[in-house]
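Asks: Structure in C-alpha cells, see below.
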Protein chains: 2
Amino acid sequence: MALATPDGVGAIGIIRVSGENAFSICSKFFYKKNGESIDIAKLKTHTIHFGLVKEGDVVLDEILLSVFLAPNSYTAENTVELSCHGSRFIQQQLMQLLIRYGARLAEAGEFTFRAFFNKRLDLAQAEAVADLIASTSATSHQVAMQQMRGGFSGKIKILRENLVNFASLIELELDFSEEDVEFADRNDLKQLILSIQKVIHRLVNSFELGNVIKNGIPVAIVGKPNAGKSTLLNALLEEDRAIVSEIPGTTRDTIEDEISIDGILFRFIDTAGIRPSSDLIEQIGISRTFEKIQKSSIIVYLFDVHELTSKGLQTELDEVKEHVNEHSQVIVVGNKIDKEDLAYTEREFAAFKDIIFISAKERHNIDSLRKRFVDLFDSRTVNVTETVVTNARHVQALQNAGSALEKIYDGLAKNISGELLSIDIKNALHHLGLITGEVTTDDLLKNIFSKFCIGK
Amino acid sequence: MALATPDGVGAIGIIRVSGENAFSICSKFFYKKNGESIDIAKLKTHTIHFGLVKEGDVVLDEILLSVFLAPNSYTAENTVELSCHGSRFIQQQLMQLLIRYGARLAEAGEFTFRAFFNKRLDLAQAEAVADLIASTSATSHQVAMQQMRGGFSGKIKILRENLVNFASLIELELDFSEEDVEFADRNDLKQLILSIQKVIHRLVNSFELGNVIKNGIPVAIVGKPNAGKSTLLNALLEEDRAIVSEIPGTTRDTIEDEISIDGILFRFIDTAGIRPSSDLIEQIGISRTFEKIQKSSIIVYLFDVHELTSKGLQTELDEVKEHVNEHSQVIVVGNKIDKEDLAYTEREFAAFKDIIFISAKERHNIDSLRKRFVDLFDSRTVNVTETVVTNARHVQALQNAGSALEKIYDGLAKNISGELLSIDIKNALHHLGLITGEVTTDDLLKNIFSKFCIGK
C-alpha cells in the first residue's frame, strides 16, 4: 500500500493497495453510501465504486474505489485504488487505517518490482518506467516510452534466442561426445556471432546519443567577459519558461540551465570568460573552461560585434578550436547588433559562413540560434525511432556480452572443444539476460528498484 | 479539463475532463492497446480501460481511462479521468493535446461549481469540500465531512421550510385580504420564530468552537525569559512531528507552531518574555504579549522551579491573570525539574493544585501537559458531533436571518399588517437561502469558488 499521487494538496489523492489480501482488507472499511458493506472480491474487474470509508460510525471520507483483478493490474496482483479527497490529513488517516487492518507500506519501487516479479514487465521495461516518469523532453520521453513498451527488450531477446539455439545444439553434441558428431555448424555460429556483434556495437554506440537524450546535450557558451553570455542564457531560458508556463500547474522545478527546444533537451554548462590573465585564480577558471569545452557537444562562441574585427575573430576562434573535441560543433554568434549596423556587420564578417547575429538584450534573432541547436542535433544523430540505449547498466552488460562473443569467435578460430565453447556462450547469454532480468542478482534488483519513488 | 492530482512527480497523475464533449474529445486520441479506436460514449459508466494516448504514430503514454456517465460523476456531467504516468512532462503534453482537440483548462473550483450548478451539492456542501481538503486535524476534518455530507445544510433547510410554510399562508391571506381572514396563526408563528432563533443562536455560538476547530485553539506560552518557553514549544512540536512522519510521504508543510493532539489542532502564539523593564521597546513587546494573552483560549504559564518560591509564583500569576479573558484557562507549568528534587518541589508548590511539573529539556512529563490541553478542550466544548459552523460567511447570514426574525417578532407584537410581515419573512428566507445557495449572487459565487484549487 502506498500513496501513488504526488505528495501535496490537490483535488484527488490515490492510495494503491496490491496483493492477495488487498480485497479483503479494503472490504473491512469500505461501505456503500447507504452503509451496507461490500465484498470487493465479488466486484467486476476494472469497475469504479462510490462509497464511504468508515470506522465505527465515523466517516473518514467519501471515495471512489477502483477494482483490478489479477493479472490485469499494474502489479499483476489483485489491486484496489482508493481515490480520496486530496488532503494530506485524509491520505494519512487512510493509510493508518490500512495499516491497522493489516496492510503495510510499500517500499520504493515495490509495485514495479512486483510487476517484474510477476513477469508483466521485464527488467529493462521496469527501468524505463522510472525514466518515463523522470523524462522532461519529448525525445527522452519517446525513448523511455519505446523501452517501456518493450522495443529494446525485444531486440535483446532475439539475440539471446539465436544464441540459446546454438547453445542447445552444442549441449547435444556434448551428450553424444563419444560419437564425435557436430550438430552445431561452426560456420553458422561464426556468422551469427558477427551479426550479433554488429547489433551490440550499434546499441553500444547509441548510448552516446541515449545519454544526451536523457541528460541533455551539453552546450558551452564561451566568449570574452562582457560578450553577453549571461544575457544570452537568460534569453534562451526565458523563452523556454514562457512556453512551459502556458499550462498552469505544470511549472517544473526549474534546473536553471536546462532548456527543451523542439522536444530536445539542452544542458548549458557554466563557463568563465576567456581572456589573457596573469591572475592565477582566473587562469585556473579559464583552464577549467577549456576542459568544459572538451566535454561539450555544442560550443557557442559569443562575441561582441563592436569589439572584434574579422581578423580578431579568426584569432580567437583558432584558439577555441584547439580545445574542441572532434565530435563537437562550434556555432559562432555575433552579439549586440543593432539594426542600423547589420549590413555593415554582415560585410565585416562575410568570411565566416553560418555566423548568427543576435542581440541577446533585445531578444533579437534568438530563434535562429534555437533552430541551429536543433539542426545540429538532427544532423549528428541516428534516427531516434531506432532503438537507443539510455542506461549505463545496459551498456555495461552489452559490452560484457560483446567480449564474451569475441572469445567465442576466437575459440572457433582455434577450433576449441565444445565444452569450452559452451561455457563462453553461456557467459554471453548471462550478460544479455542481465539486461531484461532473465538473470538477476539481489543486489542488482535492490539497486534498480530503490531508485524508484514510493508508490510506483 | 484540469490536473486533479497535486503538481509534482509521482506514480500517477490524473487529468479530469468534464462536460458534454468530454467523451468525443477523448475518443479522438485514446486507442485500445492493439491500436483500434474506441467510442468512449459507448463504454459503461464507472468502468476503467487500459489503452494508449496516440497522436499519429507517436504514443504519448499508456494510460487508464475511467468513464463516468452523467449524472453519476463529481460534476454531474459526462466525465473522463485520464490516469497517466506521474511525470510533469507527460501531464503537460496530455493537457496540450486536450486543448488541441477542443478542451479548455478549468478555472479554480470549476468542477465543484458545476456540481453546485447541476444541483449535486448545495453551496454549503461545496464550501465544505474546500475545508475538507484543507483540514489538518481530526476534528476539523470531521466537521467539514459532516458539512459536505449535508448535515448543516439539512438543518438550514428545515428552518427555511417551516418559514416558507408560514410565508405562503400569509400570501394566501393577502389574496383574500378583503375578507379579513387569518390563515396563519400569529401565535404559532411567534412560537416558530422563537424556536428558529434558538437554533440560529446555537449555530452562531458554535462558530467560536468551529473557528478554533478550523484554525486551531490559540495557546500562549508565557513566562519570564529563560523559563524555557522555546524549549517547551520544541518539545511539543517534536513529538507531533515524530507522529506525523511515521508515514512517509505525508510530511506536511510544517507551520512551525501548530500541533495536532488527539485530533485537535492547537496553534501556538509567539510571546515575548515578561519581566519588569524600563526599555521602551521591550515594554512594547511585553504589552503585546498581554494583548495576545487576551486572545488565547489557553495560557500556559511556565516558570523555572529553581527561580521562584510559592509566594513569588502567586504574585506572578496574579499579574498574568489580570490580562486573561474570562473564557480562557490557565495551566501552570513548573519547568526544569530534576528527579532528585521532585518531592521537595511538589511540597513547595503544594498550594497550587493542577500544577504540572516538567523538564522541557529532558522531554520529561510533556505527555501530561498534552493531555491537559485535550482535557481543557473537551471540557469547554459542546459535543463536536452536533452541527458546528466553521464559516464566517455562514455566521453572517445566520445573524442577518436572526435580525430579520426579530423584526418579525416585534411586528407581531405590534400587530402589523400581513404585507409588512410577508416582507420581513422573505428577508429572513433570503438570508437563510444564501447559506445553501438557494439564493445566490454572481459576486458571492465568484468569491467562494475562486478560493478553490484548480482541478477541484
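Asks: Need the C-alpha centroid separation for the stretch A:63-140 versus the stretch B:33-51, integer Å.
Replies: 22
Asks: On a straight-distance basis, which aspartates and glutamates could pair with A:LYS198 in a cross-link, Cα separation under 14 angstrom, same-chain partners fewer than 8 positions away excluded?
Replies: Output for A:LYS198: A:GLU406.
Asks: Could you name the aspartates and glutamates in cross-link range of B:LYS371, using Cα to Cα under 12 Å and dropping any fewer than eight places away on the same chain?
Replies: Partners found: B:ASP262.
Asks: Under the convention of a label 7 Å out along Cα→Cβ, give the distances in nm from A:ASP410 to the same position in every other copy, shortest first.
Replies: Here A:ASP410 shows inter-copy label distances of 10.8 nm.
Asks: Going through the stretch B:79-128, which trypsin sites (Lys or Arg not before Pro) have at most 16 other Cβ atoms within 10 Å and a DSSP loop state?
Replies: Loop-located and lightly packed - B:ARG104, B:LYS119.
Asks: So what's the net charge close to B:GLN197: Lys and Arg +1, Asp and Glu -1, counting the other residues with Cβ under 11 Å from its Cβ?
Replies: Charge balance in the 11 Å sphere: +2.
Asks: Among A:HIS327, A:HIS49, what is the fewest-to-most ranking by other Cβ atoms within 10 Å?
Replies: Going from sparsest to densest Cβ surroundings: A:HIS327, A:HIS49.
Asks: So how much slack lies between A:PHE50 and A:ILE423, counting 0.36 nm per residue of separation and subtracting their Cα-Cα distance, in nm?
Replies: This chain segment gains 128.4 nm when fully extended.
Asks: Let me know the shape class of the stretch B:1-62, please: from the alpha-carbon gyration tensor, a ≥ b ≥ c as square roots of the eigenvalues, rounded when a/c is under 1.5, otherwise prolate if a/b is greater than b/c, or oblate.
Replies: Values: a/c = 1.73, a/b = 1.19, b/c = 1.45.
Because a/c hits 1.5 or more and a/b fails to exceed b/c, the stretch B:1-62 counts as oblate.
Asks: Taking a label point 7 Å from Cα toward Cβ, how far is A:ASP442 from its twins in the other copies, in nm, shortest first?
Replies: Those separations, rounded to one decimal, come out as 6.9 nm.
Asks: Something else about it: Taking GluC sites (Glu not before Pro) as exposed when DSSP calls them loop (any state but H, G, I, E, B) and at most 16 other Cβ atoms lie within 10 Å, what is the longest stretch of chain A free of them, the sites themselves excluded?
Replies: A:108-181
Asks: What FRET efficiency do you get for A:LYS353 and A:GLU107 if R0 is 60 Å and r is their Cβ-Cβ distance, rounded to the nearest 0.05?
Replies: On the way: r = 58 Å, r/R0 = 0.96.
So, using R0 = 60 Å, E works out to roughly 0.55.
Asks: Can you give me the relative contact order of chain B as a percent, contacts being Cα pairs under 8 Å and 6 or more apart?
Replies: In percent, rounded to a whole number, it is 18.
Asks: Give me a single rounded figure for B:44-55: the average over its residues of other chain Cβ atoms within 10 Å of their Cβ.
Replies: Per residue, the number of nearby Cβ atoms from other chains is 3 on average.
Asks: If you average the C-alpha positions of the stretch B:289-353 and of the stretch A:427-446 separately, how far apart do those two centres end up, in angstrom?
Replies: The stretch B:289-353 and the stretch A:427-446 have Cα centres separated by 68 Å.
Asks: Further question: Would you list the P(r) distribution for the stretch A:2-116, with all Cα-Cα distances sorted into 5 Å bins from 0 and each bin expressed as a whole %?
Replies: Once binned at 5 Å, the Cα pair distances of the stretch A:2-116 give 2, 12, 24, 26, 21, 11, 3, 0, 0.
Asks: Exceeding 31 Å between C-alpha atoms, which entries from my cross-link table qualify? They are B:LYS407/B:LYS456; A:LYS54/B:LYS214; B:LYS155/B:LYS190; B:LYS155/B:LYS446.
Replies: Cα-Cα > 31 Å for B:LYS407/B:LYS456; rest within.
Asks: What is the distance, in nm, between label points placed 7 Å from the Cα along the Cα-to-Cβ direction at B:TYR409 and at A:LYS451?
Replies: Calculated label separation equals 7.3 nm.
Asks: State, as an integer percentage, the relative contact order of the stretch A:381-456 based on alpha-carbon contacts under 8 Å between residues 6 or more apart. List each step's numbers first, then the result.
Replies: Values: 35 pairs, mean separation 23.3, N = 76.
Computed value for the stretch A:381-456: 31 percent relative contact order.
Asks: By DSSP, what percent of the beta bridges with both residues in the protein assembly as shown are antiparallel, rounded to the nearest 5?
Replies: 65
Asks: Take every residue in peptide B:76-86, count the Cβ atoms of other chains within 10 Å of its Cβ, and give the average of those counts.
Replies: On the way: counts 0, 0, 0, 0, 0, 5, 0, 7, 1, 9, 9.
Per residue, the average neighbour count from other chains is 3.
Asks: Can you list, shortest first and in nm, the gaps between the label point of B:ASP185 and those of its counterparts in the other copies, using a point 7 Å from Cα in the C-beta direction?
Replies: Taking the point 7 Å beyond Cα along Cα→Cβ, the inter-copy spacings are 11.0 nm.
Asks: What is the calculated FRET efficiency for B:GLU171 to A:GLU238, with r their C-beta to C-beta distance and R₀ = 56 Å, to the nearest 0.05?
Replies: For R0 = 56 Å, the calculated efficiency reads 0.30.
Asks: Next question. Would you list the P(r) distribution for the protein assembly as shown, with all Cα-Cα distances sorted into 20 Å bins from 0 and each bin expressed as a whole %?
Replies: It works out to 11, 29, 32, 20, 6, 1, 0, in whole percents.
Asks: Can you say what percent of the DSSP beta bridges in chain A, counting only those with both residues inside, are antiparallel? Round to 5.
Replies: Numbers: 31 of 48 bridges.
If I count the DSSP bridges inside chain A, around 65 percent turn out antiparallel.
Asks: On full extension of the chain, what length is gained from B:ASP188 through B:ILE158, given 0.36 nm per residue of separation minus the C-alpha to C-alpha distance?
Replies: 9.2 nm
Asks: Using only the Cα atoms of chain B, what semi-axes does the equivalent ellipsoid have when each is the square root of 5 times a gyration tensor eigenvalue? Give whole Å, largest first.
Replies: 50, 40, 16
Asks: Classify the stretch B:358-441 as rounded, prolate or oblate from the Cα gyration tensor: take a ≥ b ≥ c as the square roots of its eigenvalues, call it rounded if a/c is under 1.5, otherwise prolate when a/b beats b/c and oblate if not.
Replies: Judged from the Cα gyration tensor, the stretch B:358-441 comes out prolate (a/c at least 1.5, a/b above b/c).
FYI, it's all coordinate maths here, none of it is from the lab. These numbers come from a predicted model, not from an experiment. Every residue, glycine as well, gets a Cβ built from its backbone with ideal geometry; the counts of neighbours run over all protein chains shown.
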